[in-house]
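Structure, as structure tokens:
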Amino acid sequence: MNIQRKYSLPNCTLLLEGLSDASRAANFQELRPELSILVNAECYLSSYNQPLVGEREFFESLVRAVSAYAQEFLSNVPNPQIHNQDSELVELQKVDINRHRLIVHSEDDPQGFGANPNHNKEPIQIDLNTVQLFDLVEAVDQFFADTQTLPELSLELQPVTRRNNIANQAVLKQAVPASIGVSSLAVAALALSLIPSPQLRTPEPKPQDSTSSTTPSATPAAVESTSPASPVTPIASATATPTPTAVVTPTTKPAVQDLEALLNTVPEITDPSKLRALNRQLYNTINPAWANRSGLTDDVVYRVGVAADGAIIGYKAVNQKANEEVQKTPLPNLLYNPVNRGTIHREPIGQFRVVLTKTGVLEVSPWRGYAKTPQVVGAKITDAKIVNDLSQKLYNTVRQNWGGTPTFERDLKYRVAVNKDGAIADYEPLNQAAYDYARETPLPHLLQAASGSNLVAPNTKEPLAHFQLIFQPSGKLEIAPWGGY
């Protein structure tokens, strides 16, 4: 029986095809059969228009190269495994802080990897940004976590040694969690510092001026430093006004203990539909708060923890630039305030990758991707006749309110929801152009008129009919029943 396994992220998909070893599965019936014989492996990357295709040798080389490169990239310590690639089909090279080159060589066997029409004798070179790289590594990590797929294939990374460290001792300490041989982005070993929290101390007054108070440090308490040269030591004033990142009052427990306990006591939100809703809510929180979009000199990447109600409860700089330029982002000002919101002891959290690019584009995606296709949260209108009538009503409403000459050059794609009366109750951009040019459409105005807000989440208590709406540069408007993400 042919078996398929798919590990999908926004920018990368791994598709494995193979067979089950009959001798190993003869004595029991499995609901999810083991894929023990790999016949074909395909890797789809958003930055390359064809899949990378090969057999087992190609796939093993791919996972070795990706895991070893992630180990070096995340630890900042040279890994000799990725600098000796003479016998590998796949290798990764660092181009700059946000660009990584994936190189795929052909096999010598004419019936193997090199025989695929998508490949030739010349190596294939694909440049990935850091977000795309993390999706590739996460896909590999999902594979290693799947015990029913090639269970005998394990990751054998060698811990980096002191003689490989060309940096100082502080950098060496960073390498410890990334040298234990775990694929994930060895960042999985940093899980306990995912939602970093402030270390609070009250500075002692100087003897000559015992009445003076200390000004709070400008360094954000929510970001744990990834650079040995820039340690984060937040300082809270005993008399200063409490801030969202460090609250010190006689009746308020410092958030540091709550956050540390949170990581050990609460579950992670993994439901794709809930993640999709939180993903959108997080985007709508950060996007309007990001005022100075020309201040960044490079893309900055953060791992952000979000409570079930959408509150940002912590974040961690993923790359060094993110740690250095965090004050140029809105994140320090968006952290929840325990005084206003209450404690977060038992709430599940969702994890997201947030990228603020130097070109002013905000990118938000689930840290571990979607385990399956998410669905729209809330009750839905499904009666075919009613849906058809609402479709025509929505088309007429948007058509009448959309005028002028479009300045965009790409289709703007949206999910739009209407209530039983045909009023727009919710809309969601589906591509970057739709985010960038939303104000050229009537959707914000129509939603504002109907609900009083242009950034509301759908009312899950009221059934809605969902549609895909496409604004074309030619001025044409297309509408179709919603088919899913």
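The values are calculated or read from the model by the stated rules, or taken from the named source; none is laboratory data. Since we're looking at a predicted model, the values are computed, not measured. Here the Cβ positions follow ideal geometry from the backbone for every residue, glycine too, while neighbour counts run over all protein chains shown.
Brief remarks on what is shown
- Checking ALA371, ALA425 one by one, the residue that is assigned by TED's automatic domain parsing to the domain that holds ASP298 and either in contact (Cβ under 8 Å) with a residue 12 or more places away in the chain or closer than 27 Å to ALA308 by Cβ (or both) is ALA371 and no other.
- The criterion of at least 1 residues that are at pLDDT 90 or above, farther than 30 Å from GLU72 by Cα and not hydrophobic (A, V, I, L, M, F, W, C) is met by none of the strands (runs of 3 or more DSSP E) wholly inside the range 302-378.
- Considering residues of the range 253-282 that are under 15 Å from the mean Cα position of the chain (by Cα) and within 15 Å of ILE313 (Cα to Cα) only, the residue modelled with the lowest pLDDT: GLU268
- Residue in the range 60-76 that is at pLDDT below 85, in a loop (DSSP other than H, G, I, E, B) and surrounded by fewer than 17 Cβ atoms within 10 Å (Cβ to Cβ) present: no
- Residue pairs meeting the criteria (Cβ under 7 Å; at least 6 apart or on separate chains; first at pLDDT 90 or above, in the range 98-112; second of a type in the set (Lys, Arg)): HIS100/LYS94
- Taken over the range 365-374, residues that are under 26 Å from GLU462 (Cβ atoms) and either surrounded by 14 or more Cβ atoms within 10 Å (Cβ to Cβ) or aromatic (Phe, Trp, Tyr) (or both) amount to 2.
- Residues that are out of contact with any strand residue (DSSP E or B) (no Cβ under 6 Å at 6 or more places or on another chain) and of a type in the set (Asp, Glu) within the range 358-413 comprise ASP383, ASP389, GLU409, listed in sequence order.
- For the range 355-372, the set of residues classified as β-branched (Val, Ile, Thr) and more than 12 Å from PRO10 (Cβ to Cβ) consists of THR357, THR359, VAL361, listed by residue number.
- Condition met for ASN401 (at pLDDT below 95, assigned by TED's automatic domain parsing to the domain that holds PRO463, polar (S, T, N, Q) and surrounded by 14 or more Cβ atoms within 10 Å (Cβ to Cβ)): no
- Going through (1) without any contact (Cβ under 8 Å) to a residue 40 or more places away in the chain; (2) over 30 Å from SER46 (Cβ atoms) one by one, ALA433 falls short only on (2).
- When LYS420, LYS413 are checked against the criterion of being charged (D, E, K, R), farther than 19 Å from ASN279 by Cα and either at pLDDT below 95 or crowded, with 16+ Cβ neighbours inside 10 Å (or both), a single residue qualifies: LYS420.
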